[in-house]
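One structure is given here, and the rest of the page talks about it.
Bear in mind that the values in this text are calculations on the coordinates, not laboratory data. Only a predicted model underlies this, so the values are computations on that prediction, with no experimental measurement involved. Here the Cβ positions follow ideal geometry from the backbone for every residue, glycine too, while neighbour counts run over all protein chains shown.
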Protein chains: 2
Amino acid sequence: MSGSAAVPSPTGSTRLYAVLGHPVDQVMAPSLMNPLFADRQIDAIMVPIEVEPARLGSVIQGLKAIGNFDGLLVTVPHKFAVCAYADRLGETATIAGSANALRREADGSWSADNFDGAGFVAGLRKAGHTLQGATACLVGAGGAGVSIATAMMLAGIERLLINDLAGDRLDHLVSRLDARWPGKVSAVPQAATAGLDFIINATPLGLKPTDPLPFAVESLSERTVVADIIMKPARTRLLGEAERRGLRTHPGIHMLTEQIELYRSFFRLH
Amino acid sequence: MSGSAAVPSPTGSTRLYAVLGHPVDQVMAPSLMNPLFADRQIDAIMVPIEVEPARLGSVIQGLKAIGNFDGLLVTVPHKFAVCAYADRLGETATIAGSANALRREADGSWSADNFDGAGFVAGLRKAGHTLQGATACLVGAGGAGVSIATAMMLAGIERLLINDLAGDRLDHLVSRLDARWPGKVSAVPQAATAGLDFIINATPLGLKPTDPLPFAVESLSERTVVADIIMKPARTRLLGEAERRGLRTHPGIHMLTEQIELYRSFFRLH
């Protein structure tokens with residue numbers, strides 16, 4: 001808690017938001033959203049909620065039954081499962097089959113979408129990178145990876161190679177993307193290295209210092225940008241190795257900071 | 001929210017507490033508990049939860065399924081109903097049949113008790129009043145009233161007269177108290193006025209400025225202390241009328257402020 005920004009104490013009239021994960025200790029959304037609420041004098045607070053997969057349904061049904069609960073963010077491993085609790089899905093969540101934000105509508109129904117990909121793409125653009133026509137390899141088709149894949153295709157990527165250990169999940173994603181962008185998306189049995197503008201780690205590998213690298217950086221060409229979506233540590237071993245080889249890197253925090261504005265809009269925090 | 005104390009923003013590792021009510025806007029527990037957490041550098045936050053009676057079960061089951069959720073406070077109208085969701089009840093909650101605090105035990109079970117009465121009694125004592133051997137009239141046998149009745153008997157009150165519009169609820173309480181303190185507790189069809197050391201409003205009358213008085217103050221004797229458990233407004237019309245007649249008064253806020261230390265102990269916030 002040391003070092004976290006000061007915000008007004010909740011009172012009886014405070015509206016509630018939550019971020020759901022398992023584990024949840026690592027989430028940074030409360031540290032970013034709560035100062036935003038405070039700055040805008042919005043009487044709301046975002047809290048972390050630790051929930052095991054087997055209890056997700058109970059928790060979400062309970063949260064929906066709370067009168068002053070307005071929305072939630074979702075992280076590993078719940079991004080796929082939460083789609084079943086939304087009454088409607090936005091474009092990215094529909095294609096990706098994964099959501100990371102749900103909001104209560106005025107009529108009491110719930111809408112969901114996935115902003116990981118849009119946040120990631122916005123971060124790359126802000127760093128000066130061009131996605132239109134690019135070739136990219138995405139490693140990891142989990143709850144964030146599927147959203148990144150979708151958003152990169154929406155951003156005009158020409159060729160997307162996706163690698164994931166879970167073959168069924170990967171095939172499912174590629175078939176959905178191929179239906180929308182025929183011939184541009186392929187599953188690959190291991191991370192590609194040649195001719196890449198971008199290679200992205202969207203696996204959890206790198207959260208722990210003892211994790212193996214999600215892919216080798218030795219054979220990457222000079223023009224390849226190595227991106228990671230892991231936020232803690234800020235500089236993963238992968239990014240360190242890539243830097244040592246002179247490659248440009250893109251750390252995970254941008255995906256989240258660029259999403260804050262998207263969340264603000266999604267949750268209608270004016 | 002203006003004027004509420006600053007507390008550290010929740011982070012991913014923050015533990016959760018809630019106060020449940022319907023409505024919940026008026027609750028003051030978050031404004032008191034959150035500065036306590038901050039002062040003691042406890043990484044926890046208490047948020048308000050608005051829940052309709054029909055949805056109480058869903059909400060409590062959902063809260064119990066949250067890994068970092070440690071306890072809740074309960075206010076109107078849920079103090080009776082929550083007893084069904086506790087695995088064990090403390091002494092006051094057992095006699096009163098009403099609880100205002102639940103905590104998760106190390107084994108995952110839930111314990112409940114009711115501290116309204118103990119807080120109220122502590123407030124009277126701190127104000128210099130003696131309860132041992134006293135005669136009191138309690139108006140209102142709701143979730144707080146039953147706890148106050150129990151705590152006053154535990155504190156050595158000699159004679160307790162209780163009035164409530166809901167006859168079945170009143171009879172139920174009196175029979176429980178009579179079993180423990182035979183002949184000392186009676187139901188009365190309207191508020192008593194003669195020979196009282198204390199008369200206590202434990203009804204919601206006075207929350208709204210247009211509410212009628214819960215009882216008349218004209219016939220009270222000079223020695224009667226007029227107490228109210230309503231916290232907003234701090235000075236109810238009842239207390240104003242009593243003061244105008246020269247009677248000593250005891251406002252509702254003491255019941256809550258004295259409970260904070262009891263909550264701290266119950267929730268093991270060291």
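Go ahead and run the numbers for FRET between B:Q41 and A:H172, Cβ-Cβ distance against an R0 of 51 Å, rounding to 0.05.
Numbers: r = 47 Å, r/R0 = 0.92.
E(calc), rounded to 0.05, equals 0.65.
Annotation: average projected area of the stretch B:117-255 is 7.3 square nanometres, based on the convex hull of Cα atoms across all directions. Against the longest alpha carbon principal axis of chain A, how many degrees, from 0 to 90 and to the nearest 10, is the axis of helix A:145-154 turned? Relative to chain A, helix A:145-154 is tipped by roughly 70 degrees.
Treating only the Cβ of Lys, Arg, Asp and Glu as charged (+1, +1, -1, -1), what charge dipole size does the stretch A:25-165 show about its Cα centre? Round to the nearest 20 debye. Before the final figure, lay out the partial values.
Details: 10 positive and 14 negative charges, 44 e Å.
The dipole of the stretch A:25-165 has a size of about 200 debye.
Compared with the dominant principal axis of the Cα atoms in chain B, helix B:116-126 is inclined by about 60°. Each residue, A:E222 and B:R180, gets one label point 7 Å from its Cα in the Cβ direction; the gap between the two is 8.4 nm. Name the longest site-free stretch of chain B, where the excluded sites are trypsin sites (Lys or Arg not before Pro) in a DSSP loop with no more than 16 other beta-carbon atoms within 10 Å. In short, B:41-183. Helix A:167-180 and the longest principal axis of the Cα set of chain A meet at an angle near 90°. Dipole magnitude for the stretch A:117-254: computed about the Cα centre from +1 point charges on Lys and Arg Cβ and -1 point charges on Asp and Glu Cβ, it is near 380 debye. With a threshold of 25 Å on the Cα-Cα distance, the over-threshold entries among A:K64/B:K232; B:K79/B:K232; A:K79/A:K232; A:K64/B:K64 are A:K64/B:K232.
For the stretch B:1-130, the convex hull drawn through the C-alpha positions has a volume of 137 cubic angstrom per residue. Counting Cβ atoms of other protein chains within 10 Å of each residue's Cβ and taking the mean over peptide B:42-54 gives 5.
Placing unit charges on C-beta atoms (Lys and Arg positive, Asp and Glu negative, everything else neutral), compute the dipole magnitude of the stretch A:84-162 about its Cα centre in debye, rounded to 20. Could the numbers behind the result be given before it?
Numbers: 6 positive and 7 negative charges, 52 e Å.
I would put it at about 260 debye.
Across the options B:F115, B:A84, B:A127, the greatest Cα extent toward the positive end of the charge dipole of the stretch B:1-148 (unit charges at beta carbon of Lys, Arg, Asp, Glu) belongs to B:A127. The Cα center of the stretch B:177-193 and the Cα center of the stretch A:228-243 differ in position by 71 Å. Considering only alpha-carbon pairs that sit under 8 angstrom and 6 or more positions apart, the relative contact order computed for chain B is 14 percent. Between the C-alpha center of the stretch B:1-64 and that of the stretch A:86-108 there is a gap of 27 Å. On the basis of the beta-carbon distance and an R0 of 41 Å, B:A194 and B:F80 show a calculated FRET efficiency of 0.85. For the stretch A:117-254, calculate the relative contact order in percent as a whole number, restricting contacts to Cα pairs under 8 Å that are 6 or more residues apart. Averaging sequence separation for qualifying contacts and normalising by length gives 22 percent for the stretch A:117-254.
The mean number of partner chain beta-carbon atoms within 10 angstrom of a residue's beta-carbon across peptide A:24-35 is 4.
Placing dummy labels 7 Å off each Cα toward the beta-carbon, the span from B:A127 to A:A106 is 4.7 nm. Mind checking which of A:P182, A:T224, A:L239 is farthest towards the positive end of the stretch A:175-270's charge dipole, using Cβ charges of +1 (Lys, Arg) and -1 (Asp, Glu) about the Cα centre? Value computed over the given set: A:P182. Which one of B:I199, B:P251, B:G71 has its Cα pushed farthest toward the positive end of the charge dipole of chain B, where Lys and Arg give +1 and Asp and Glu give -1 at the Cβ? Checked the options; the winner is B:P251.
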